[in-house]
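Written below as structure tokens is the structure these notes are about.
The values are calculated or read from the model by the stated rules, or taken from the named source; none is laboratory data. Please read these numbers as outputs of a predicted model, since none were measured by experiment. All Cβ positions, even for glycine, are placed from backbone atoms using ideal geometry, and neighbour counts span all protein chains on display. For the accessible areas, the whole protein counts, side chains as well, though only heavy atoms, and no ligand, DNA or RNA atoms are used. Shrake-Rupley method; radii C 1.70, N 1.55, O 1.52, S 1.80 Å.
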Amino acid sequence: MNIKKELIGQILIKKGYLSEEDIDKALEIQKTYGQHVRIGRVLMNMGVITEEQLLDALSYQFGVEFLRELENVEVLDIGLNRELFVNNNVFPIKETEDTVYVLTNDPLQIELFSLIEDATSKSVEVILTTEENLQKAVSKVKEDIIAKEEELALDIDEEIDRLKELASEAPVIKLVNSILTKAVDFNATDIHFESLKTKMRVRFRVDGVLKTFDYIPNNLKLAVIARLKLLSGMNIAETRLAQDGRIAVRIAGKPIDIRASSLPTQYGESFVLRILFEESTSYSLDNLGFYEDHVEVIRKISRKPNGIFLTTGPTGSGKTTTLYSILSELNSDEVKIITVEDPIEYELEGINQVQVKSEIGRTFATALRNILRQDPDIIMVGEIRDLETAEMAIQASLTGHLVLSTLHTNSALASITRLLDMGVEWFLIKASVIGVMAQRLVRTVCSHCAQDSEIPDSLWKMYDFDRLIEKYKVPSISPKRGKGCKFCNYTGYRGRTVIAEVAPFDERLQKEFDRDTNFDDMNKLGYRTMREDGLLKVLEGKTTIEEVLRVT
């Protein structure tokens, strides 16, 4: 583009489309909304100029063609996500040996034009046209986008081969695909791309702990983010707002679903990928790492015909997996189970799952209200976040439904205090809650490099291991520690297990809360705390005391 130095306002005046006074008024209005609202758009909204007049001036300013009439249009497939065209109103319509011609009404989408040039190894020539004409191009790709909206399945290996044909050099594509493949190799649950002042840091969350994997140089930072947005169906031109997306890929023959999230930060965008394996998972309380006495209590509580069973813990503590396991055991032909989740992490066969979409008003509370009209027997509410959701869950339990849900609190008993803090009446809590539990995930000692270890005397006395051994009849004491090997990436840990505390909300517990609404002493009722549960696993050599203290 041969851009002239004249301002768009000066060009519009020169062409006789408006006056100096119109420009002054528009500039005053622009101050109200900020510089990101362009002066041409302000003038159009004022009714001073038409869209054609603005595009005519932009055509002169940028030295590009302005196409007023457009009868038939074909949108080229240049190897990029076609949703990208609709989101940004940019449509490739023609190409020659060295040039791609794109149709748009905004000649300033430089980052997107650069991405097209990188993908095709051709220069981009802009053709301006009206919004009405662009809608003709939209209609050409809309049907295909809708059909593929839920199937953003991109095979990484095939994509590399295809893009190699389009571009002889594709370092960014190779880099991103390499990071995804390495994350799967390391069994990472999350990948963090973090924009720092002079570089981008890539970290993997493995077994619940973040660790730096690599650094990306600053000159590739924007390209990597653009690539991630492209894969996840986001608007790559939008850098001021947070966005969410989804990527479906196949790596080493495994189908993998990736939830993507972008967030503007001080030195660029932060991008987080949550990795979810689509392969079928068997959910069972017996396989999660709970001790048998906890499994018995959980099963006893969850087999009651009605009431609310609450499980608590921070994000990533395994609450959803525990609830899925309970639902899997309760699932049968005789009961109808409905869940409302944000997001739906895994599909459960035979269970009706509802996705929260707050942007259209489908919150936990409204979804729960609608669910009650569906004649369910068991309901799972992904999270009780507010008083309205809490009251709806209580109403459901009091009308004969079993309700499973989660809260963000530090302990099992603190969930009762949290409900009171929300504003739920105490008599309703007593009438509806049937059990509370809390859990965390601790890393387990790597079985490949585990070595016998000893617990220091000071810690042995501090945490009263003698009492635990006697009370829970620990059959053998064999604490272990991982030396570090290639199987655990030299951390000494590989895999995770659950530690928990659980209690039925029976008459004994209710009496304690009658006396003190902040009651939080599991030992007084004869139940063990999460920390004690973890210390028992230290004695068995499943984890280390440092791990237990880290999460409790």
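List of remarks:
- Among the residues of the range 227-245, those identified as surrounded by 19 or more Cβ atoms within 10 Å (Cβ to Cβ) and either in a strand (DSSP E or B) or modelled with pLDDT under 80 (or both) are Ile236, Ala237, Gln243, Gly245.
- Cβ-Cβ distances below 8 Å connect the following pairs, each with a first residue in the range 455-473 that is over 15 Å from Thr544 (Cα atoms), a second residue that is open to solvent by 70 Å² or more (accessible area, probe 1.4 Å), and a separation of six or more residues or different chains: Ile469/Ile477.
- In the set (1) closer than 30 Å to Leu228 by Cα; (2) out of contact with any Lys or Arg (no Cβ under 6 Å at 6 or more places or on another chain); (3) surrounded by fewer than 19 Cβ atoms within 10 Å (Cβ to Cβ), Thr32 fails one condition alone, (1).
- Checked against the criterion of being in a helix (DSSP H, G or I), at pLDDT 90 or above and surrounded by 17 or more Cβ atoms within 10 Å (Cβ to Cβ), the candidates Ile173, Ile179 yield just one match: Ile179.
- Filter pass, Gly423 being open to solvent by 10 Å² or more (accessible area, probe 1.4 Å), of a type in the set (Gly, Ala, Ser) and touching a residue at least 24 places away in the same chain (Cβ under 8 Å): yes
- Apart from one condition, Lys300 fits all of (1) of a type in the set (D, E, K, R); (2) under 20 Å from the mean Cα position of the chain (by Cα); (3) closer than 30 Å to Leu398 by Cα; the exception is (2).
- Residue check for Phe193: part of a strand (DSSP E or B), open to solvent by 10 Å² or more (accessible area, probe 1.4 Å), in contact with a helix residue (DSSP H, G or I) (Cβ under 8 Å, 6 or more places away or on another chain) and modelled with pLDDT of 90 or more: no
- Residue list for the range 54-91, filter: in contact with a helix residue (DSSP H, G or I) (Cβ under 7 Å, 6 or more places away or on another chain) and without any contact (Cβ under 8 Å) to a residue 60 or more places away in the chain: Leu54, Ala57, Tyr60, Gln61, Phe85, Val86, Asn89, Val90, Phe91
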